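Below is one structure, written out as structure tokens; comments come after it.
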Amino acid sequence: MKILVTPTSLQPNKPTPALEALKEFADEIIFNPFSRPLVQSELKELLVGCDGYVAGLDYIDADVINSCDKLRVISRYGAGVDRVDIEAAKAKGIVVCNTPGANSQAVADLTLGLMLAVARKIPSLDAKTKAAQWVRSTGIELYEKTIGILGLGAIGKAVAKRAQGFSMKVMAYDPYIDTAYAKENNIFCASLEKIAESADVISLHLPYMPETRHIISGDLMRSMKPGVIIINTSRGGLIDEEETFALLDSGHLGGLGLDAFEKEPLGETLFATYDNVVLTPHTAAHTKEATSNMANMAIQNLIDILSGNDCQFIIK
């Protein structure tokens, strides 16, 4: 068995129990040589002769999939499969699986961290204090504010619990919302429009797909409460980024906390000029615990499928 492993946190010089299990199973393991998500030409070259592929944040399009000569399984290191052309994989007979729930606590933690950082401008104040500037800044409290959570999956539910710890009122929108769970946990089901007009903080936990591209549009942002904070620890492309700048300049948006962007790596950006915008490099799932969980699940999924065993995380 020949296996390609591309998540940047899985490297041969960083042995883990999951990698040891893969070494015992595979005859040859190819690791990501670039320490970043791979582009199509690189994937095509590295996937030659591979039976399995533990995939990081690479874009795996139909061209890549159709170039594979032996590939039988793409095991996503993470819950999102929006960067994999699922239909092309099915047509090629390649199984795609993922690791739902493995990083939910990590992402929820960073979500709350970004909320606090934006609400109190913590990074800006830290930088100024370290530069010997003793400034005064008036932030806002999260206590008893209303949060609108878009996407009430494992991560959205974890964010809701944390928000309730701040005595926040929790509203949620999800096309497939678990109404019984929401009722039991004092979460108010609402439309996107109702959340826009009511929430002080809006947190995104939706998958990226054509239906959710720019779900946070300019028009929707303009209908939001003045001073609203928007947090995105999900996927770039959910927010129409170009529309945010004028709304930040006018003060209609109170701030942004962004861990995902339409173009990654981010590079130079106007976002860097705002002290009420906090940016992190798509790192929400990068905790010791989450990376261990994702590695264990992704590699076990791959081994199970290639061994002909059942796997409950196959994307149908």
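We did not get these values from a lab; they are worked out from the coordinates using the rules stated. Here the structure is a predicted model, which is why all the values come from computation and not from measurement. Here the Cβ positions follow ideal geometry from the backbone for every residue, glycine too, while neighbour counts run over all protein chains shown.
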About the Cα centre, and with charges only on the beta carbon of Lys, Arg (+1) and Asp, Glu (-1), how big is the dipole of the stretch 104-279? Nearest 20 debye, please. 620 debye
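At 1.567 mPa s and 4 °C, plugging the Kirkwood radius over alpha-carbon pairs of the stretch 1-133 into Stokes-Einstein gives what diffusion coefficient in µm²/s? Mind dumping the intermediate values first?
Values: Rh = 16.8 Å.
The diffusion coefficient I find is 77 µm²/s.
Counting other C-beta atoms within 10 Å, which of GLU241, GLU42 has the fewest, and how do the rest follow? Present the calculation step by step, with values, prior to reporting the outcome.
Numbers: GLU241 20, GLU42 17.
So the ranking, lowest neighbour count to highest, is GLU42, GLU241.
What are the semi-axes of the equivalent ellipsoid for the stretch 104-279, taken as the square roots of 5 times the Cα gyration tensor eigenvalues, largest first, in whole Å? Please report the intermediate quantities before stating the final value.
Details: eigenvalues 129, 70, 45 Å².
In descending order the semi-axes read 25, 19, 15 Å.
With only Lys, Arg, Asp and Glu charged, each at its Cβ (+1 for the first two, -1 for the last two), find how big the charge dipole of the stretch 1-62 is about the Cα centre; round to the nearest 20 debye.
Details: 5 positive and 9 negative charges, 39 e Å.
Its charge dipole is roughly 180 debye.
Count neighbours as other Cβ atoms within 10 Å of each site's Cβ, and list the chymotrypsin sites (Phe, Trp or Tyr not before Pro) in the stretch 122-227 that are DSSP loop with at most 12 such neighbours. Working shown, then result.
Values: sites: TRP134, TYR143, PHE166, TYR173, TYR176, TYR181, PHE188, TYR208; in loops: TRP134, TYR143, PHE166, TYR176, TYR208.
Answer in residue order: TRP134, TYR143, TYR176.
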Please work out the Cα center distance from the stretch 208-287 to the stretch 36-60, rounded to the nearest Å. 29 Å
Any idea how far the Cα center of the stretch 134-158 sits from the one of the stretch 64-79, in Å? 37 Å
Gyration tensor verdict on the stretch 183-264 (Cα atoms; rounded if a/c is under 1.5, prolate if a/b is larger than b/c, oblate otherwise): oblate
Return the percentage of antiparallel bridges among DSSP beta bridges fully within the stretch 104-279, rounded to the nearest 5 %. 0 percent
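For the chain, what is the calculated [θ] at 222 nm in deg cm²/dmol (nearest 500), taking -39500 (n - 2.57) for each run of four or more DSSP H residues and dividing by its residue count? Intermediate results must be reported in sequence, preceding the final value.
Numbers: 12 runs with 114 residues, N = 316.
The per-residue figure over the chain is -10500 deg cm²/dmol.
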Considering only the other residues whose Cβ falls under 15 Å of the Cβ of VAL159, what net charge follows from Lys and Arg at +1 and Asp and Glu at -1? 0
Could you name the lysines whose alpha carbon sits less than 23 Å from that of LYS2, not counting residues in the same chain fewer than 8 places away? LYS14, LYS23, LYS44, LYS70, LYS90, LYS92
Throw me the Rg/Rh for the stretch 141-226, computed over C-alpha atoms with Kirkwood Rh, two decimals. 0.95
Once the Cα gyration tensor of the chain is diagonalised, semi-axes √(5λ) in Å: 37, 21, 18
Under a 10 Å cutoff between Cα atoms, tell me which one of ALA108, ALA88, ALA117 has the largest fluctuation in the Gaussian network model of the chain. ALA88
Here the stretch 45-59 yields Karplus 3J(HN,Hα) values (6.51, -1.76, 1.60; θ = phi - 60°; whole Hz; Gly and Pro given as x) of 5, 6, 7, 4, x, 7, 8, x, 8, 8, 9, x, 8, 5, 8
Once amide H atoms are placed 1.01 Å from N in the peptide plane, what residues at a sequence separation of 5 or more from GLY236, or on another chain, have their amide H within under 5 Å of its amide H? PHE261
Compute the signed sum of charges (Lys and Arg +1, Asp and Glu -1) over the other residues within less than 14 Å, Cβ to Cβ, of PHE25. -3
Listing SER35, SER67 by rising number of other beta-carbon atoms within 10 angstrom, fewest first, gives SER35, SER67
Using the Cα centre of the stretch 104-279 as origin and beta-carbon charges of +1 (Lys, Arg) and -1 (Asp, Glu), tell me which of LEU220, ALA119, THR269 is placed farthest towards the positive end of the dipole. ALA119
